[in-house]
Amino acid sequence: MTLAKEKTLADQVRADFPILHQEVNGKPLVYFDNAATSQKPLLVINTIRDYYEQYNSNVHRGVHILSAKATDAYEATRDKLAAFIGAASRQEIVFTRNATEAINLVAYCWGMNNLKRGDEIILSVMEHHSNLVPWHFVASKTGAVLKFVDLAPEETFDLEQFKKLVSDKTKLVSIVHVSNTLGCINPVKEICEIAHKYGAKVLIDACQSVPHMPINVQQIDCDWLVASSHKMCGPTGIGFLYGKLELLRSMPPFLGGGEMIADVFLDRSTYADLPHKFEAGTPAICEAIALGAAVDYLNSIGMDKIYAYESELTGYLFEQLGQIPSIRIYGPLPKIAGLGRAALAAFTAGDIHASDLSTLLDQEGVAIRSGHHCTQPLHRHLMTSSTARASLSFYNTREEIDIFIKALKETLDFFGGLSS
Ligand SMILES: Cc1ncc(COP(=O)(O)O)c(C=O)c1O
């Protein structure tokens, strides 16, 4: 008698992702570029189609039935997101174009108005460009000083150094939750606790955590948190900013125009209440509604289950990559990662250029990313100009890791026997 193999999470959900079932260069697609953008389940794809086929209409302003339906669906996503990340109120969720715009909103509306010469902003060397460049703008305009948390020896966030950097001068700490390059999960709750003792505000870049693990903003106690829909099974063109209610209330609007006003006169205007104060102009309606479908989809699986399955995949990925001596993986090993490690591995192999690795892997149907992954300062810090990155999601399988490893070994052998 043979025992039936237990179905993994990926086995259960793969049929929901039509894009995964295709050949690339004559080989079955192995999509390992999830940190750049995730694939979309049928529920999201059908939601987009239903919207345009059945109730495409502008929101908030119309009384007709299509507009009412679009408005209800659009606003329902706000409720879903508030529940998904444990916000205290739906008014704390602001739709933006992506996470980048959400960080810029905080930089312009809070940073430019609340920081002055000599105030300090603490970032880390592992930040994505979208959590660096807006603060460059703020620093050069206000005279605030940027300080950077370094890496601990195991290539994680150096909490001990952070404790030394933070002081009464610190007004803002803006830190990535999960590094898109190192894969480390940063101790955001502890960071908030320490920063708040000094009266500093904390922004968490949760682009790489919200799609992969349960998040509760009230437990973390962050002041703002940002994420992008396209990395969490939703469409591009929409992201969101979470902010504590009173803090968002204290911030002036970002963009001016329709939707964000209470009253407009020729020479002045008053503004709508939260969250509309920050949502000028016709929003990305369909995208917001489809983001709601993505949240429904993730909830139907359960974020605990997603995190547990992806952690298991991470272990297997590291076990397999660890058997190739020429591979140098950046970031902590799963077993010494403290809070855990995301299901991604950025790596180099001897002198082989990362883009050569990804080009040859593409020939085998394996999609990985190469480059600096928008963390140029981190790459400089690690003394490499680029890395190859395999990033997984809950619809990926061990079998796909095997295909990736086989293709990688063949590629390394092609470059001169680097696989063993
Ligand atoms: C950690 C992190 N922060 C911010 C971003 C920016 O996201 P978006 O381009 O969707 O605004 C990314 C995207 O790769 C990311 O990985």
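Worth a mention:
- Filter result for Asn104 (within 16 Å of the ligand (Cβ to nearest atom) and closer than 19 Å to Phe254 by Cβ): yes
- Of everything listed in (1) at positive phi; (2) within 16 Å of the ligand (Cβ to nearest atom); (3) not β-branched (Val, Ile, Thr), the single unmet condition for Ser130 is (1).
- Test set (1) away from the ligand (no atom under 16 Å from the Cβ); (2) surrounded by 18 or more Cβ atoms within 10 Å (Cβ to Cβ); (3) within 30 Å of Asp33 (Cβ to Cβ); (4) not hydroxyl-bearing (Ser, Thr, Tyr) - His177 fails condition number: (1)
- Cβ separations smaller than 9 Å between residues 6+ apart or across chains give no pair from region 171-189 residues that are farther than 20 Å from Ser228 by Cβ and in the same structural domain as Asn34 (by TED's automatic domain parsing) to residues that are within 11 Å of the ligand (Cβ to nearest atom) and assigned to a strand (DSSP E or B).
- Scanning region 51-75 for residues being in a helix (DSSP H, G or I) and either under 18 Å from Gly237 (Cα atoms) or of a type in the set (S, T, N, Q) (or both) gives a total of 9.
- Selected residue (only one of Thr142, Thr156 is polar (S, T, N, Q), over 28 Å from Leu245 (Cβ atoms) and more than 14 Å from the ligand (Cβ to nearest atom)): Thr156
- Residue match in region 359-372 (condition: without any contact (Cβ under 8 Å) to a residue 12 or more places away in the chain, within 26 Å of the chain's Cα centre (by Cα) and at positive phi): no
- Positions within region 235-253 being more than 14 Å from the ligand (Cβ to nearest atom) and among the hydrophobic types (A, V, I, L, M, F, W, C), in sequence order: Leu245, Leu247, Leu248, Met251
- Here region 143-172 is the region considered, the condition is being touching a helix residue (DSSP H, G or I) at 6+ places or on another chain (Cβ under 7 Å) and acidic (Asp, Glu), and the residue that is modelled with the lowest pLDDT is Glu154.
- Flag: Thr348 does not match the condition of being farther than 15 Å from Asp33 by Cβ and under 19 Å from the mean Cα position of the chain (by Cα).
- Residue within region 63-83 that is within 16 Å of the ligand (Cβ to nearest atom) and modelled with pLDDT of 95 or more present: yes
- Inspection of region 25-48 finds a residue satisfying the criterion of being in contact with a His (Cβ under 9 Å, 6 or more places away or on another chain), outside the structural domain of Met232 (by TED's automatic domain parsing), within 30 Å of Arg398 (Cβ to Cβ) and away from the ligand (no atom under 16 Å from the Cβ).
- Every residue from region 29-63 that is within 30 Å of Leu361 (Cα to Cα) and out of contact with any helix residue (DSSP H, G or I) (no Cβ under 7 Å at 6 or more places or on another chain): Asp33, Asn34, Ala35, Ala36, Lys40, Ile45
- Within region 25-59, being crowded, with 17+ Cβ neighbours inside 10 Å and aromatic (Phe, Trp, Tyr) holds for Tyr31, Phe32, Tyr51, Tyr55.
- For region 117-127, the set of residues classified as surrounded by fewer than 20 Cβ atoms within 10 Å (Cβ to Cβ) and either within 8 Å of the ligand (Cβ to nearest atom) or not small (Gly, Ala, Ser) (or both) consists of Arg117, Asp119, Val125, listed by residue number.
- Given (1) closer than 21 Å to Met303 by Cβ; (2) in the same structural domain as Val210 (by TED's automatic domain parsing), index of the condition Ala15 fails: (2)
- Residue in region 188-201 that is at pLDDT 95 or above, within 16 Å of the ligand (Cβ to nearest atom) and in a loop (DSSP other than H, G, I, E, B) present: no
- The set of residues in region 1-47 that are over 20 Å from the mean Cα position of the chain (by Cα) and β-branched (Val, Ile, Thr) comprises Thr2, Thr8, Val13, Ile19, Val24, Val30, Ile45, Thr47.
- Under the condition of being touching a Phe, Trp or Tyr at 6+ places or on another chain (Cβ under 6 Å), more than 21 Å from Asp16 (Cβ to Cβ) and surrounded by fewer than 23 Cβ atoms within 10 Å (Cβ to Cβ), the residues counted in region 351-381 number 1.
- Residue count for region 143-160, restricted to those that are crowded, with 19+ Cβ neighbours inside 10 Å and not charged (D, E, K, R): 5
- One residue from Met213, Met232, Met260 being within 14 Å of the chain's Cα centre (by Cα), of a type in the set (A, V, I, L, M, F, W, C) and away from the ligand (no atom under 12 Å from the Cβ): Met213
- Members of region 216-227 found to be in contact with a strand residue (DSSP E or B) (Cβ under 6 Å, 6 or more places away or on another chain) and more than 15 Å from the ligand (Cβ to nearest atom), listed by number: Val217, Asp223
The values are calculated or read from the model by the stated rules, or taken from the named source; none is laboratory data. What you see is a predicted model; the values in this text were computed from it and never measured. Because the Cβ atoms are built from the backbone with ideal geometry, glycine has one as well, and the counts that use them run over all protein chains shown.
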